[in-house]
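Structure, as structure tokens:
The values are calculated or read from the model by the stated rules, or taken from the named source; none is laboratory data. Here the structure is a predicted model, which is why all the values come from computation and not from measurement. Note: ideal-geometry Cβ built from the backbone for every residue, glycine included; neighbour counts use all protein chains shown. Calculation scope for accessible area: heavy atoms of the full protein, side chains included, ligands and nucleic acids excluded. Shrake-Rupley method; radii C 1.70, N 1.55, O 1.52, S 1.80 Å.
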Amino acid sequence: MTAPASNAPEYVGGHGLLAGKTVLVTAAAGTGIGFAAAKKAAEEGATIAISDKHERRLGEAADELAKVAGARPLAVPCDVTVEADVQNLVDTAAGELGGIDILINNAGLGGQVDLVDMTDDQWNLVLDVTLNGTFRMTRAALRHMQPRGKGVIVNNASVLGWRAQKGQAHYAAAKAGVMALTRCSAVEAAEFGVRVNAVAPSIAMHAFLAKASSEELLSALSSAEAFGRAAEPWEIANVMVFLASDYSSYMTGEVVSVSSQRA
């Protein structure tokens, strides 16, 4: 007999896993994984800073996070496709927080278009935000972390870096690149005491995704997962927190799937 699809579990509260740490999260406005990661980091005792390209939503996110963090977190607008923005973000966060212990690279951009219809601009934009943006942030963070002899970077990849899905060639290529970037940067950073890992979510349901994708597609993707449902964004954030914490001290260059390993 096939078991019914399970409902989402109850929200898991903080356990002080990041107490005393400083955490910078990109693309943290809105209702998705970035906001969930920032909220979870604050609940785990970290001092947080957030960024996003959308200033209004960034401000709203900072106001909401103040309820958890006890004070309004540092919020710095940043477009990860612009090197000057990236440098300003890292410099400002490091200066205001007294250093960056953990970077969560969440910025990414998707889209649904078949390869034969895809324009160069569509391809380039997705790769510039998702892969190049992760590269820019990782480079800037490593230049800050390596001289300090410590630090953790957690990248947001995707199971589409492994799986094939129609209409996702640009996004899948970008996320596969994030996985390779994670592994190579981890090897380079290890001698400096810095760890780099990634999560690879399948589908995490939030308001923006529901608005940007058809209900039929989201239902089909969700039902194909082992639990018969999409993940909650905070379930992805929980794994990010684990990778950011000292509990994963011997892990680097790993891509952790937060999903079932279906083909």
>> Let me confirm something: among Gly167, Gly151, Gly161, which residue is in contact (Cβ under 8 Å) with a residue 12 or more places away in the chain, in contact with an Asp or Glu (Cβ under 7 Å, 6 or more places away or on another chain) and crowded, with 18+ Cβ neighbours inside 10 Å?
In response: Gly151
> Which condition does Ala36 not pass, out of (1) within 14 Å of the chain's Cα centre (by Cα); (2) over 13 Å from Ile104 (Cα atoms), if it passes all the others?
Replying inline: (2)
>> Quick check on the stretch 57-64. Is at least one of its residues open to solvent by less than 60 Å² (accessible area, probe 1.4 Å) and over 18 Å from the mean Cα position of the chain (by Cα)?
In response: yes
>> Which count do you get for residues in the stretch 104-115 that are touching a Ser or Thr at 6+ places or on another chain (Cβ under 8 Å) and open to solvent by 80 Å² or more (accessible area, probe 1.4 Å)?
In response: 1
> Can you name the number of the only condition in (1) surrounded by fewer than 15 Cβ atoms within 10 Å (Cβ to Cβ); (2) more than 24 Å from Leu243 (Cβ to Cβ) that Met118 fails?
Replying inline: (1)
> Of Val178, Val126, which residue is closer than 28 Å to Leu58 by Cβ, touching a Phe, Trp or Tyr at 6+ places or on another chain (Cβ under 7 Å) and open to solvent by less than 10 Å² (accessible area, probe 1.4 Å)?
Replying inline: Val126
>> Just to be sure I understand, how many residues within the stretch 131-146 are surrounded by fewer than 18 Cβ atoms within 10 Å (Cβ to Cβ) and β-branched (Val, Ile, Thr)?
In response: 0
> Could you give every pair whose Cβ atoms fall below 9 Å, whose first residue belongs to the stretch 37-59 and is part of a helix (DSSP H, G or I), and whose second residue is among the hydroxyl-bearing types (Ser, Thr, Tyr), counting only separations of at least 6 or pairs across chains?
Replying inline: Ala41/Thr47; Leu58/Ser51
>> Need pairs with beta-carbon distance below 7 Å; first residue polar (S, T, N, Q) and within the stretch 207-234, second open to solvent by less than 40 Å² (accessible area, probe 1.4 Å) and modelled with pLDDT of 70 or more; sequence gap 6+ or separate chains.
In response: Ser222/Ile203; Ser222/Ala230
>> Among the residues in the stretch 16-27, are any part of a loop (DSSP other than H, G, I, E, B), open to solvent by less than 10 Å² (accessible area, probe 1.4 Å) and within 12 Å of Ala237 (Cα to Cα)?
In response: no
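For the stretch 81-105, what are the residues that are assigned to a loop (DSSP other than H, G, I, E, B) and either among the acidic types (Asp, Glu) or in contact with a Phe, Trp or Tyr (Cβ under 9 Å, 6 or more places away or on another chain) (or both)?
Asp101 - this is the single residue of the stretch 81-105 that is assigned to a loop (DSSP other than H, G, I, E, B) and either among the acidic types (Asp, Glu) or in contact with a Phe, Trp or Tyr (Cβ under 9 Å, 6 or more places away or on another chain) (or both).
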>> I'd like to verify a number: residues in the stretch 66-85 that are closer than 21 Å to Gly32 by Cα and either touching a helix residue (DSSP H, G or I) at 6+ places or on another chain (Cβ under 7 Å) or open to solvent by less than 50 Å² (accessible area, probe 1.4 Å) (or both), how many?
In response: 13
